[in-house]
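Here the structure comes first, spelled out in structure tokens, and everything after it is commentary.
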Amino acid sequence: NLNLFNNGGDGLDVGDNCVVINCKAMNNGENGILANFGNVIRDCVTAYNGYNGIDAFRFNNVYSCVSYKNSLDGIDISLAARVEGCTVYENLNSGIDIFRGGICLNNVVSINTVRSYKMFVMGMEYVFQTLPVPITLKEQI
């Protein structure tokens, strides 16, 4: 239960194997929430951040979050991360950006400036406005 507002860098920089629940990260200079390895991010709201709302590397799980009006992506995941049950809208780049494998289930993604979903898998970039539910991308790491 943290309120992370108006920081010059990231609102919250999460290390490894943590649980982040019911936090608000808004108007931060960089990412709202930056998560490294094996974290769970649940029921959080990110908005008006200078970079991504949620930037989650390697094996993170993002559940039931809302991310809107961020300067880059609403949610940016990579390396076998999961995004489920999130609402992502009006971000200036992608709604959800998936790099090197991830799982997206039951998200509402709309009105993002560049695209709703971007995926980069095995050297190829794929761009979608909508995705069939569920979509699963897997790659050897």
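The values are calculated or read from the model by the stated rules, or taken from the named source; none is laboratory data. Worth saying up front: this structure is predicted, and the values here are computed from it rather than measured. As a convention, Cβ positions derive from the backbone with ideal geometry for all residues, glycine included, and neighbour counts pool all protein chains shown. Quick note on the areas: whole protein, heavy atoms, side chains included, nothing else; ligands and nucleic acids left out. Shrake-Rupley method; radii C 1.70, N 1.55, O 1.52, S 1.80 Å.
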How much net charge surrounds Leu4 when only the other residues with a Cβ under 15 Å from the Cβ of Leu4 are counted, with Lys and Arg +1 and Asp and Glu -1? -4
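For segment 1-84, which whole-number percentage of the solvent-accessible area (1.4 Å probe, protein heavy atoms only) is attributable to carbon and sulfur atoms?
Numbers: 1620 of 3440 Å².
Ligands and nucleic acids excluded, carbon and sulfur give 47 percent.
Hey, could you grab the Kirkwood Rh for segment 54-114? Inverse mean 1/r over distinct alpha carbon pairs, Å, one decimal.
On the way: mean 1/r = 0.0916 Å⁻¹.
After inverting the pairwise mean of 1/r, the radius is 10.9 Å.
Would you work out the Kirkwood radius for segment 1-107? I mean one over the mean of 1/r across all pairs of different Cα atoms, in Å.
Numbers: mean 1/r = 0.0788 Å⁻¹.
Computed over Cα pairs of segment 1-107, the Kirkwood hydrodynamic radius comes out at 12.7 Å.
Give the accessible surface of segment 1-84 per residue, rounded to a whole number of Å², with probe radius 1.4 Å and ligands, DNA and RNA excluded. Can you show the working numbers first?
Details: 3440 Å² over 84 residues.
Value returned for segment 1-84: 41 Å² of accessible area per residue.
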From zero outward in steps of 10 Å, how is the percent of C-alpha pairs of segment 1-51 spread across the bins? 32, 55, 13
